[in-house]
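K.L.:
Would you mind keeping the following structure in view while I ask a few things?
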């Protein structure tokens, strides 16, 4: 199709211009729930990346067989397959992390980001485009998760990836490790991203 | 504290002067009262006057601990207000004294023993997240001072919790004893009523003296700067629930007085819950707001892990204020 974005465009759009969290506000449940540390955030980002890329590829491969009224079911089943793989893999090799993330790994099945990408891109475009879209969106999602987790972990514990970055006299902002910290950080970073976006569009409009 | 009808024209007037895009003809809902008695600044000065007895008592009881917190909170609140207002490209708002009121209420709600960064962070959060982010004074949903205090209370439980109020080595007598609210929580012993009344106990800086809060609060109510319905509702609820607990536990009247004079109840009822921006508009609504606040205070005091609950009670009732406003819209005369 001529009017569909190319693979490169899909890839680039996923990272910042159409960032899943900051621009589309998709997948906010894991964004809020697992970003109290860099390690869980990175694990979650990796799991979502795996599921998203695989689901996009498979959906793209079977896109000509899809029946319109059954497509959501097929998407969900495809996603559930890869989520189960990711979940079992984590339980086998990263048991502690699997315990920490708890239900949030199985919940990737209902992460609207992935269904959205299957619907918008993979069910309409070629395998290569779908794969690069998956990679781009996964990178964007990871970027968002890690940026929120960085703010929360540094302010909340004075550490980064478990290594102390602030002096030990730093008073831990416990609230940043709790749900209110997630909402505050997400809101403030969303505001910052919007502000940057407005400035950029103003500059490009003016020149 | 003030009638919304009278506040609007004044607010518009202020904006008209500063906003370049204001229309040539400004249409505002009646009544078009331009009496300077009702300006934000006058109100805030009234609140500051009413806070004076509390400030004096806190300095008398806690000495330099109180002075330290007041100076820190004033400096940080005013600095934060100037900074964030500049970021939002709004007009200069320091002269309406609302940031000063927020700073003093916040400082008086902190323990004297809290380290310096608690006051600074609480002030910045109060002004930025509590107020400016919603669009400035008049737009905020939650009481700014209590937002700031809740933030540090949850963040730094070790320096804000009940145990942190007590410092056995302190040179100020009051700080060496447990707060009356915490003592009751731990051991079930009510505080000495005369100490609670005059304020010779430990606690947050401004909450200890019942008499100071009463003097300031009555001044506010008589001046109509604070609505009497809100404290009345709070006292009714606290009196009834504490009374029931008193009768059932055979405290022979001590428990009711302990709950009325102890902790931040009077301070909160007169100075925190009566914030005109975050409380309902109609008198019926204000009374409901007061009852709800009182219920939550007693719920927290009697059944939660915290010895005191004024802050959370006020924040919770702030959240339902729009709902109360919708319930209590006055019915115009003649409407069926």
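K.L.:
Average projected area of the Cα convex hull of the range A:8-56, in nm²?
P.N.:
Averaged projected hull area, Cα only: 3.7 nm².
K.L.:
Separate question: If you rank B:165, A:104, B:60 by fewest surrounding Cβ atoms within 10 Å, what's the result?
P.N.:
Listing B:165, A:104, B:60 from fewest to most nearby Cβ atoms yields B:60, A:104, B:165.
K.L.:
Same structure again: Which of B:208, A:100 has the fewest other C-beta atoms within 10 Å, and how do the rest follow up to the most?
P.N.:
Going from least to most buried by this count: A:100, B:208.
K.L.:
Kirkwood hydrodynamic radius, computed over distinct alpha-carbon pairs, for the range A:7-206: how many Å, to one decimal?
P.N.:
After inverting the mean inverse Cα-Cα distance, the result is 17.6 Å.
K.L.:
Let me ask another. Per DSSP H run of at least 4 residues, take -39500 (n - 2.57); add these up for chain A, divide by its residues and hand me the 222 nm value, nearest 500 deg cm²/dmol.
P.N.:
-22000 deg cm²/dmol
K.L.:
If you don't mind, there's one more thing I want to ask. Can you give me the Cα centroid spacing of the range B:201-268 and the range A:1-25 in angstrom?
P.N.:
59 Å
K.L.:
Restricting to DSSP H runs of at least four residues, report the calculated mean residue ellipticity at 222 nm for chain B, -39500 (n - 2.57) per run over all residues, nearest 500 deg cm²/dmol.
P.N.:
-19000 deg cm²/dmol
K.L.:
Within 10 Å, count the other beta carbons around each residue, average over each peptide in A:88-95, B:114-121, and list them highest first.
P.N.:
With the highest mean Cβ count within 10 Å placed first, the list reads B:114-121, A:88-95.
K.L.:
Send over the Kirkwood Rh of chain B, from the inverse of the averaged 1/r over different Cα pairs, rounded to one decimal Å.
P.N.:
20.4 Å
K.L.:
Given the C-alpha centroids of the range A:142-192 and the range B:115-193, what is the distance between them in whole angstrom?
P.N.:
Using only Cα atoms to place each centre, the spacing works out to 22 Å.
K.L.:
Ranking B:46, B:275 by Cβ neighbours within 10 Å, fewest first, what do you get?
P.N.:
With the sparsest Cβ surroundings first, the list reads B:46, B:275.
K.L.:
Let me check the size of the protein assembly as shown from its C-alpha atoms; what are the radius of gyration and Dmax in Å?
P.N.:
When restricted to the Cα atoms of the protein assembly as shown, Rg and Dmax are 27.7, 85 Å.
K.L.:
Something else now. Against the longest alpha carbon principal axis of chain A, how many degrees, from 0 to 90 and to the nearest 10, is the axis of helix A:38-61 turned?
P.N.:
0 degrees
Every number in this text was worked out from the coordinates using simple rules, so none of it is lab data. Because the structure is a prediction, the values reported are computed rather than measured. Methodologically, a virtual Cβ is constructed for each residue, glycine included, from the backbone with ideal geometry; neighbour enumeration extends over all protein chains shown.
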